[in-house]
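Report on one structure; see the data block that follows.
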Amino acid sequence: MIGQWTEQDARFLLGEPVRQRPAFDDQGTGNGTIFAFSDPTSRYREIELDFDNVAGALRTVFVYPFHLTWQEARRRWGAKVNEAAANNGRRFYSYADRRLDVLVDRAGNVISFGLY
């Protein structure tokens, strides 16, 4: 539902968010709002939805798994990634053949994955 859902659609399906925070562009300008929701399936720790301030449409979904290693993610989604260093020894993997990014801690555990 990326590009289609609004905040109201998310609230209808997921209930009230547990918190929210601003989203920023590469220049540090606020350009959206990210709402955190509990996962109604209890499969993930949390789901965050990023909505654009102008159009109000969903543009990114961030998922925080309870336990997923980078090796498991690679087996699931493949290895066509661009890799970059992130803060605190983390690694950021951006898939070349999917609209998927994965943030991994220094121990190889997936912190979150984002769909856009």
Provide the net charge surrounding residue 80, with neighbours chosen by a C-beta distance below 15 Å and charges set as Lys +1, Arg +1, Asp -1, Glu -1. +2
Compute the semi-axes of the equivalent ellipsoid of the chain, taking the square root of 5 times each eigenvalue of the Cα gyration tensor, and list them largest first in whole Å. 24, 17, 13
So for the range 7-65, averaging the separation of alpha carbon pairs under 8 Å that are six or more residues apart and normalising by length, what relative contact order in percent results? 26 percent
So what's the Cα pair-distance distribution over the range 70-115, bin width 5 Å, in %? 6, 25, 38, 23, 8, 1
How large is the helix-only mean residue ellipticity at 222 nm for the chain, computed as the sum of -39500 (n - 2.57) over DSSP H runs with n ≥ 4, divided by its residue count, in deg cm²/dmol to the nearest 500? -3500 deg cm²/dmol
Calculated FRET value between residue 85 and residue 25, using beta carbons and R₀ = 22 Å, to 0.05: 0.55
Over the chain, relative contact order from alpha-carbon pairs under 8 Å, at least 6 apart, %: 19 percent
Hey, if you put +1 on the Cβ of every Lys and Arg and -1 on every Asp and Glu Cβ in the chain, which of 15, 70, 95 ends up farthest toward the positive end of that dipole? 70
What Kirkwood radius, in Å to one decimal, follows from the Cα pairs of the range 7-65? 11.8 Å
Simple Cβ-charge dipole of the chain, Lys/Arg +1 and Asp/Glu -1, about Cα centre, in debye nearest 20: 500 debye
What percent does the relative contact order of the range 70-115 come to when contacts are Cα pairs within less than 8 Å and at least six residues apart? 28 percent
How do 92-103, 71-82 rank on mean C-beta neighbours within 10 Å, highest first? 92-103, 71-82
Can you give me the distance in nm between label points at residue 14 and residue 94, each placed 7 Å from the Cα along the Cα-to-Cβ direction? 2.3 nm
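Values in this text are rule-based calculations from the coordinates and carry no lab data. Because the structure is a prediction, the values reported are computed rather than measured. Methodologically, a virtual Cβ is constructed for each residue, glycine included, from the backbone with ideal geometry; neighbour enumeration extends over all protein chains shown.
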